[in-house]
Structure formats: structure tokens, C-alpha cells
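Q: Here it is, the structure, as C-alpha cells.
The values are calculated or read from the model by the stated rules, or taken from the named source; none is laboratory data. Source: prediction; values computed, not measured. Note that we place each Cβ from the backbone using ideal geometry, even for glycine, and neighbour counts take in every protein chain shown. Areas reflect the complete protein model, heavy atoms only, side chains present, ligands, DNA and RNA absent. Shrake-Rupley method; radii C 1.70, N 1.55, O 1.52, S 1.80 Å.
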Amino acid sequence: MRKYTLFILLVAIALIIAYIFYPKTVKRTIIDNKTLNNVDESVKIIAPITSKESLALNALNKLYDSSEKGFSEIPKELKFTKVEYDKKDSVATVYARFDGTKESLSSFQESKMLLQIFNTVKLNIPEAKKFRIIFSGDSPFTELRTDLLFTIEDENLIVLGE
């Protein structure tokens, strides 16, 4: 009986370790080098995934990593801390922290950053229709207000209001 208990315990531990360290795929949005349009890309991560929100959070924190297909406008100093999805209103809220110095970016660059962030969330939470990003502390955005509700149509951000 003791051999069976030990065997079951070892198998359970092995399964838990395999679940944690098995690479999972998340999707992120990058900017194509040639066309400057957003392109979807899959990225492997090693982390326990329990929900679509954690998928989106892991993908957001991989945005600034290098890619063969394109580049990212997201600075490394921008850390995403949480993603919440409200099923009733189809609103995805991204919480972030910016630890860098504010630079004067054009509204085009800021729009591309928001598009990257919101498209990445949309890829991992497909049922999300509205988006917002809330910063604890300073925001890297100077031209756009990011705490408003946005929706996405192709390569366009549409402000829905508060």
C-alpha cells in the first residue's frame, strides 16, 4: 500500500511540475517593419496559466521583447500588473505602472502603443469589445488620455467616453 501512495505522490508532483514548466503560447501584437501595421505573433512563455486574463497579462509583458517580424513601441519601463475582464460590459481593463522618464511622444506613437496593448489583450480575450488602461502613478502618455473607454476597428482607436 505504501508503494502505491508513494507512486501516486511522485506522479502528482511530476504532473504539477510539467504543468508549470510546459511552454504555453500567448499572442501579442507587434508593428510590421515594412508596412507599419499591426501584426499578430505567437510567443512561448513558461508560466502557469489559469485564465484568459493571465494569458493577456503574460502577453503584454512580452510586448517589448525583440521579434523577427517587427518591433514594438512599448518601452521596457512600462510594466503591466493586472488585466481584468468584465463579462457583463465586455470591458477589459489593463493596470500598468511606468517607472521611466516621460518623453514627448507624438500622438501617432501613443496611438500605436495603445493599439498594440489593446490588440494584444483582444487576441488573448477575444470577447472583449471595450478597453481601458489605468496607470498607478505617472503615465508615459502625454497626448492621449488613457483612462477613457476605447474600442478598436482595424487600425483605428475609437474613444467611447468615460
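Q: Per residue, how big is the convex hull of the range 13-55 when only Cα atoms are used? Give it in Å³.
A: Numbers: hull volume 2.6 nm³, N = 43.
Hull volume normalised by residue count: 59 Å³.
Q: Which percent of the Cα-Cα distances in the range 1-78 go past 17 Å? Kindly include the intermediate steps, with their values, before the conclusion.
A: Values: 1739 of 3003 pairs.
Of all Cα-Cα distances in the range 1-78, 58 percent exceed 17 Å.
Q: Given a Förster distance of 45 Å, report the FRET efficiency between Tyr95 and Thr35 from their Cβ-Cβ distance, rounded to the nearest 0.05. Walk me through the intermediate numbers first.
A: Details: r = 31 Å, r/R0 = 0.69.
That gives a FRET efficiency of 0.90.
Q: Just subtract the alpha-carbon distance of Glu84 and Ser107 from 0.36 nm times their residue separation and send over the number in nm, one decimal. Show your work: numbers first, answer last.
A: Details: separation 23, 0.36 × 23 = 8.28 nm, distance 2.60 nm.
Full-extension gain reported as 5.7 nm.
Q: Local charge sum around Asn124 (other residues, Cβ-Cβ under 12 Å, Lys/Arg +1, Asp/Glu -1)?
A: Details: positive: Lys24, Lys27, Arg28, Lys52, Lys62, Lys122; negative: Asp40, Glu53, Glu127.
Computed value for this residue: +3.
Q: Expressed in nm to one decimal, what extension gain is obtained for the pair Ile46 and Phe21 from 0.36 nm per residue of sequence separation less their Cα-Cα distance?
A: Computed gain between Ile46 and Phe21 is 8.5 nm.
Q: How many Å² of accessible area per residue for the chain, probe 1.4 Å?
A: Working: 9770 Å² over 162 residues.
For the chain, the per-residue accessible area is 60 Å².
Q: For the chain, which whole percent of the accessible surface, found with a 1.4 angstrom probe, sits on carbon and sulfur atoms? Walk me through the numbers before you get to the answer.
A: On the way: 5500 of 9770 Å².
Carbon plus sulfur share of accessible area: 56 percent.
Q: Follow-up. Taking the mean number of other Cβ atoms within 10 Å as a proxy for protection, how do you rank 125-135, 54-64 from highest to lowest? Could you put the intermediate results ahead of the total?
A: Numbers: 125-135: 17.6, 54-64: 22.5.
Highest mean packing first, the order is 54-64, 125-135.
Q: Also, quick follow-up: What is the packing order of peptides 139-152, 106-119, 32-45, 10-23, taking the mean over residues of other C-beta atoms within 10 Å and listing the highest first? Spell out each step's value before the answer.
A: On the way: 139-152: 16.2, 106-119: 18.6, 32-45: 13.3, 10-23: 10.1.
So the order, starting with the most tightly packed, is 106-119, 139-152, 32-45, 10-23.
Q: Follow-up. Amide H of Thr81: which non-local residues (sequence gap of 5 or more, or other chain) have their own amide H closer than 5 Å, using H built in the peptide plane?
A: Long-range HN contacts for Thr81: Tyr95, Ala96, Arg97.
Q: What does the charge dipole of the chain about its Cα centre add up to, to the nearest 20 debye, if the Cβ of each Lys and Arg holds +1 and the Cβ of each Asp and Glu holds -1?
A: On the way: 23 positive and 22 negative charges, 202 e Å.
So the dipole magnitude of the chain works out to roughly 960 debye.
Q: Calculated from the structure, Rg and Dmax of the Cα atoms in Å equals which of [x] 21.4, 73; [y] 22.3, 82; [z] 18.6, 69?
A: Recomputing Rg and Dmax of the Cα atoms in Å here picks out [z].
Q: Any idea how far apart Thr142 and Lys3 come out in nm if each label point goes 7 Å out from Cα toward Cβ?
A: Here the answer is 7.3 nm between the modelled labels.
Q: Only Cα pairs under 8 Å and at least 6 apart count here; give the relative contact order of the chain as a rounded whole percent. The partial results should precede the final answer.
A: Working: 283 pairs, mean separation 31.3, N = 162.
So the answer I get is 19 percent.
Q: Suppose we keep just the DSSP beta bridges with both residues in the chain; what percent of those would be antiparallel, to 5? Spell out each step's value before the answer.
A: On the way: 24 of 31 bridges.
Roughly 75 percent of the beta bridges in the chain run antiparallel, per DSSP.
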